Amino acid sequence: MLMNMKDLLEVANKNGFAVPAFNIGSDQLLKAVMQESIAKNAPVILELSPDELKFVEESLIESMIYEAKKASIPVVIHLDHGDNIDIVKRAIQAGFTSVMIDASKMPYDANVEITKQVVALAHPKNVSVEAELGTIGVTGNSIEGGTKDVIYTDPEQAVDFVEKTGVDTLAVAIGTAHGIYPKDMKPELRLDILQKIKDKVEIPLVLHGGSSNKDEEIAEAVKIGISKINISSDIKVAFYEKCREVLNANPGYREPLEIYPESIKACRCVVGNKIDLFNATDKASLYR
Ligand SMILES: [Zn+2]
């Protein structure tokens, strides 16, 4: 069943679990994510960054809508890190049920202004809006970007931002970074800041850069009240490492149906682990 983010995360927020948002960069990843989410009876968010949308094009969005409508689990199709109005319009036109506008690197007032514009554009079409306050870090190996120094979300400013923009969900910066952390980089989540934001802000909160954080920290963040966690690198690493292995072991392979099944299996394994970690297993039943 296809729905928007507001309706999806309201239930997560009330029931203490987080819905995983997986970046779907190809049709094989879509297959892996949908198969495992259905097997786990878990709600799921299929998301694409602007670059991924430009790469897979509208035909894959049509497939996502088809899969979502056919499935008994709730599914949201979400634009990750939209950085301008045109890409937001393209996503809404293509049938996304949720969009993110990320103007977190702009001055505060400009972030408020552009987020308001996107809300005015999206809400009449029943599309929900995610915005970001503070900045997500970079690891240097992700296409998603970020900034070198994480600026933590200010809880007071978060209240003001939500009030002024009418946004449905808010991505907060509490010390995560996009990509896979290099060996010498030890991420520490500032769960104390998360708690302060949670105490003041009622709308569902989102965690970006959730790949390769310590499982205990992520589980704790879910307990405090994160309702959506973005996962991109982790599922892609699993998929393509297996792909590389299969191709190296079988130099004669050229058929997708020979090459990909093992990769899909490896990817599903990571998807399943995230669903369990976020306490989302079997939670699709809450929507029926
Ligand atoms: Zn992100």
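Of the heavy-atom accessible surface of the range 5-287 (probe 1.4 angstrom), what whole percent is carbon and sulfur? Before the final figure, lay out the partial values.
Values: 6180 of 12310 Å².
Reported share for carbon and sulfur atoms: 50 percent.
Distance between the modelled labels on residue 126 and residue 185, one decimal in nanometres: 4.0 nm (7 Å Cα→Cβ projection). In a fully extended conformation the segment linking residue 10 and residue 66 would gain 17.8 nm over its present Cα-Cα distance, using 0.36 nm per residue. One chain, two ends: residue 269 and residue 254. Fully extended at 0.36 nm per residue, the span grows by 3.0 nm beyond their Cα-Cα distance. In the chain, the C-alpha radius of gyration followed by the widest Cα-Cα span (Dmax) gives 18.0, 60 angstrom. Dipole orientation for the chain: of the candidates 207, 13, 117, 13 has the Cα lying most toward the positive pole (charges on Cβ; Lys, Arg +1; Asp, Glu -1).
Mind checking the dipole of the chain: about its Cα centre, +1 per Lys or Arg Cβ, -1 per Asp or Glu Cβ, Debye to the nearest 20? Numbers along the way, then the final one.
Values: 32 positive and 43 negative charges, 117 e Å.
The dipole of the chain has a size of about 560 debye.
Of the residues 48, 175, 106, the one whose Cα sits farthest toward the positive end of the charge dipole of the chain, with +1 on the Cβ of Lys and Arg and -1 on the Cβ of Asp and Glu, is 48. The fraction of Cα-Cα pairs per 5 angstrom bin, counted from 0 for the range 119-267, comes to 2, 9, 16, 17, 15, 13, 10, 8, 5, 3, 2, 0 percent, rounded to whole percents.
Using a 1.4 angstrom probe, figure out how much accessible area the range 165-288 has per residue, in square angstrom, rounded to the nearest whole. Walk me through the numbers before you get to the answer.
On the way: 5810 Å² over 124 residues.
With all protein chains present, the range 165-288 gives 47 Å² per residue.
The values are calculated or read from the model by the stated rules, or taken from the named source; none is laboratory data. Here the structure is a predicted model, which is why all the values come from computation and not from measurement. Neighbour counts are summed over all protein chains in view; Cβ atoms, including those assigned to glycine, are modelled from backbone coordinates with ideal geometry. These area figures cover heavy atoms from the full protein model, side chains too; ligands, DNA and RNA do not enter into them. Shrake-Rupley method; radii C 1.70, N 1.55, O 1.52, S 1.80 Å.
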